[in-house]
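Engineer: So that we are looking at the same thing, I have put the structure below in structure tokens.
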Amino acid sequence: MANDTVTAVKQGGILRLTLNRPDKLNALNADVHAAMMAGLEAAERDAECRVVVLTGAGRAFCAGQDLSGEVYKSEGPQPDVGLVVERYNGMIERMRRLPKPIVGAVNGIAAGAGASIAFACDIVLAKRSASFLQAFAKIGLVPDCGGTYFLPRLAGEARARGMALLAEPVKAEQAEAWGLIWKAVDDDKREDEVDALAGRLADAATYGLGLTKLALSASSGNDLTAQLQLERDYQRLAAASPDYVEGVGAFLAKRAPKFTGREG
Ligand code: T3D
């Protein structure tokens, strides 16, 4: 890794990336960004890695941009915050383009850009005690890292506007009910549930899952015709993979499939 602000541990087909600035509630800075990019690149390069788990060390998932760092001056002209945001844009796009599922294991508060990063994951499991906060309005900023993209698509316009304009925390159960996340889980069961889900995904037909993720990401920018064509193209690729042969073979033989995640 580029530095230790994000730790990377690989076990079997699972790469676990842990935001690791617990004293700052895992707030983001240039080092975190560099380490996240290195982790995502490693996940993409490594054919053995079939699923990524993203979580936070300590009591928070991520408190958004580090407000004590590079982006704020108490007086004089402010630094160009747009440049900082541009940096994070590359990270969000990389997460969405990674052809492998990313499980967001939200262990505590996800605030500001930290909430947006959680929403950029493919499947989010959150501790029941965790919450999601679009904190930007409290400091005169605009939701970023895809906040204004993900929120209305996941939760609908009314909830997106309420969250972004009022900056009130939304508890994990409410987030699940609103469709912002996949599931809220009991605090003491979160690690087991995350391990079980990541293990299940790592054993799945991950080449096809990667294409599925990309197709879903493309759908909001496509009309039906374009999306049907994309599905045809991706289905060709998936059907040329060994996992298709294995999946159908296992079904017909009435046995459990053994997928490799390899492309054709
Ligand atoms: O600015 C740009 O470059 C543009 C990009 C913006 C992207 C953004 O993400 S803007 C939004 C930034 N984030 C926030 O506004 C959230 C700020 N944090 C909070 O509102 C609260 O900390 C929480 C609601 C997340 C948690 O509250 P609580 O009461 O559980 O914890 P706390 O006591 O506030 O924080 C604990 C420590 O973490 C504390 O340090 P200390 O006093 O123990 O030394 C606090 O200062 C530190 N901390 C929390 N969030 C941040 C932070 N330090 C730096 N940056 C933070 N974002």
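The values are calculated or read from the model by the stated rules, or taken from the named source; none is laboratory data. Please read these numbers as outputs of a predicted model, since none were measured by experiment. In this analysis, Cβ positions are derived from the backbone assuming ideal geometry, glycine residues included, and neighbour counts consider all displayed protein chains. Surface areas here come from the heavy atoms of the whole protein model, side chains and all, with no ligands, DNA or RNA. Shrake-Rupley method; radii C 1.70, N 1.55, O 1.52, S 1.80 Å.
Each row is one residue, and each column tells you yes or no for (1) farther than 25 Å from SER217 by Cα; (2) hydroxyl-bearing (Ser, Thr, Tyr).
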{"site": "LYS73", "(1), (2)": "yes, no"}
{"site": "ILE92", "(1), (2)": "no, no"}
{"site": "PHE119", "(1), (2)": "no, no"}
{"site": "SER129", "(1), (2)": "yes, yes"}
{"site": "LYS138", "(1), (2)": "yes, no"}
{"site": "LEU166", "(1), (2)": "yes, no"}
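Engineer: Which one of these does ARG45 not meet: (1) open to solvent by 40 Å² or more (accessible area, probe 1.4 Å); (2) under 14 Å from the mean Cα position of the chain (by Cα); (3) more than 17 Å from ALA198 (Cα to Cα)?
Structural biologist: Failing condition for ARG45: (2).
Engineer: From the list LYS73, LYS138, exactly one residue is surrounded by fewer than 22 Cβ atoms within 10 Å (Cβ to Cβ), in contact (Cβ under 8 Å) with a residue 12 or more places away in the chain and over 28 Å from GLY199 (Cβ atoms). Which is it?
Structural biologist: The conditions single out LYS138.
Engineer: Which members of region 171-184 meet the condition of being open to solvent by less than 10 Å² (accessible area, probe 1.4 Å) and within 16 Å of the ligand (Cβ to nearest atom)?
Structural biologist: ALA172, ALA175
Engineer: Right, ALA105: in contact with a helix residue (DSSP H, G or I) (Cβ under 9 Å, 6 or more places away or on another chain), within 29 Å of ALA47 (Cβ to Cβ) and more than 16 Å from the ligand (Cβ to nearest atom) or not?
Structural biologist: So ALA105 fits the description; yes.
Engineer: Still on this structure, please answer the following. Give the number of residues within region 150-159 that are open to solvent by less than 80 Å² (accessible area, probe 1.4 Å) and either within 16 Å of the ligand (Cβ to nearest atom) or within 18 Å of the chain's Cα centre (by Cα) (or both).
Structural biologist: 5
Engineer: Now a separate question. Identify all residues within region 128-149 that are small (Gly, Ala, Ser) and either closer than 12 Å to ALA113 by Cα or more than 9 Å from the ligand (Cβ to nearest atom) (or both); write none if there are none.
Structural biologist: Listed by number, the residues that qualify are SER129, ALA130, ALA135, ALA137, GLY140, GLY146, GLY147.
Engineer: Regarding SER241, is this residue open to solvent by less than 70 Å² (accessible area, probe 1.4 Å), in contact with a Phe, Trp or Tyr (Cβ under 6 Å, 6 or more places away or on another chain) and without any contact (Cβ under 8 Å) to a residue 40 or more places away in the chain?
Structural biologist: Judged against the criteria, SER241 is a match.
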